[in-house]
1. Would you check if there is a residue in the range 65-82 being of a type outside the set (Lys, Arg) and more than 19 Å from the chain's Cα centre (by Cα)?
2. Ala70: of a type in the set (A, V, I, L, M), closer than 20 Å to Val92 by Cα and either at pLDDT below 90 or buried (at least 21 other Cβ atoms within 10 Å of the Cβ) (or both), yes or no?
3. Among the listed residues Thr166, Thr187, which satisfies the condition of being modelled with pLDDT of 95 or more and either farther than 30 Å from Lys128 by Cα or of a type in the set (Val, Ile, Thr) (or both)?
4. So, Ala153, is that one assigned to a loop (DSSP other than H, G, I, E, B), surrounded by 12 or more Cβ atoms within 10 Å (Cβ to Cβ) and of a type in the set (A, V, I, L, M, F, W, C) or not?
5. Output the strands (runs of 3 or more DSSP E) that fall wholly within the range 190-237 and possess 2 or more residues being under 17 Å from Pro151 (Cα atoms), or say none.
6. Report the residue count in the range 81-134 for those that are crowded, with 17+ Cβ neighbours inside 10 Å, of a type in the set (Ser, Thr, Tyr) and under 19 Å from Ser224 (Cβ atoms).
Amino acid sequence: MPRTRFVSSAALVALLLAPALGVVGASAGAASAPTVSSLLGASARALKGQQGVHLVVTTERKGVRSAAVADIGLSAGHESYTSGAERFEVAVTSSAAYLSGSPGGLRSLMGLTKTQVAKVGAKWIVMKKGSTQYKEFRLNLTATGFAAILPSAKGTHLLATRDATTGGYQLRWTTPASASASASTTTLVLAAGAHALPLREEVSAAGATSLTVFSHWGEAVHFSRPAATIAYAKVFG
């Protein structure tokens, strides 16, 4: 599914997508300045109390620009992903997950065959609760995945300068190359204030960059069942 650690849907991960959240000692009036450990601890505590967030992810890879807009809540979430002229949408509720998109988007971004796309048409594919597909969408599109946003303290550095755009604290770390991805550098910005809520995340790798902007922390997220649907088994069976 899309995004670097946290998530959003199936094409973000493949493109390197990325994607931010207690009390920070210094900003709350304490004598000592914040450290990597204190900021991550504060964010982890804040994450447990969040019921939703709105995020916008923009990615550029080899000159191709893509964008994802998502609302992620406690038991429901929705994401719209666009790359060039193609798009797809994914959503999850407490009882099912849903997928729809343009014919080209379903084929090139989600991997459906021409025959499968023809079966779907303008409908939404329904994936029942308990299925492997449902579990993957739920992990990426609900608060279940919030804990995966934060990095390990080991190898993470607190930059001396604040973020010029938000004034927040900047944490930076490098992820080594693997068999499926090139090395990357990530900068996560946490708010300077009573709560260290993530505000921005930038990821850069060879030939690719992405920016995630977080807002509306605490929002309630709902998604209503689409009127026109088709069962997953009828498409892939």
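1. Within the range 65-82 (the criterion being of a type outside the set (Lys, Arg) and more than 19 Å from the chain's Cα centre (by Cα)), the answer is no, since none of the residues qualifies.
2. Criteria met by Ala70.
3. That would be Thr187, the only listed residue that is modelled with pLDDT of 95 or more and either farther than 30 Å from Lys128 by Cα or of a type in the set (Val, Ile, Thr) (or both).
4. So Ala153 fits the description; yes.
5. Output list reads 198-205, 208-215.
6. Residues meeting the conditions: 4.
Results for (1) farther than 24 Å from Leu40 by Cα; (2) aromatic (Phe, Trp, Tyr); (3) surrounded by 14 or more Cβ atoms within 10 Å (Cβ to Cβ), shown as yes or no for each residue.
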residue: Gly167; (1), (2), (3): no, no, no
residue: Arg172; (1), (2), (3): no, no, yes
residue: Pro176; (1), (2), (3): no, no, no
residue: Ala206; (1), (2), (3): yes, no, no
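A quick yes/no check of all residues on (1) modelled with pLDDT of 95 or more; (2) farther than 26 Å from Thr156 by Cβ; (3) exposed (fewer than 15 other Cβ atoms within 10 Å of the Cβ); (4) out of contact with any Pro (no Cβ under 7 Å at 6 or more places or on another chain):
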position: Ala191; (1), (2), (3), (4): no, no, no, yes
position: Ala196; (1), (2), (3), (4): no, no, no, yes
position: Glu202; (1), (2), (3), (4): yes, no, no, yes
position: Ser210; (1), (2), (3), (4): yes, no, no, yes
position: Val221; (1), (2), (3), (4): yes, yes, no, yes
position: Tyr232; (1), (2), (3), (4): yes, yes, no, yes
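The values are calculated or read from the model by the stated rules, or taken from the named source; none is laboratory data. These numbers come from a predicted model, not from an experiment. No Cβ is skipped: glycine too gets one built from the backbone with ideal geometry, and neighbour counts run over all protein chains shown.
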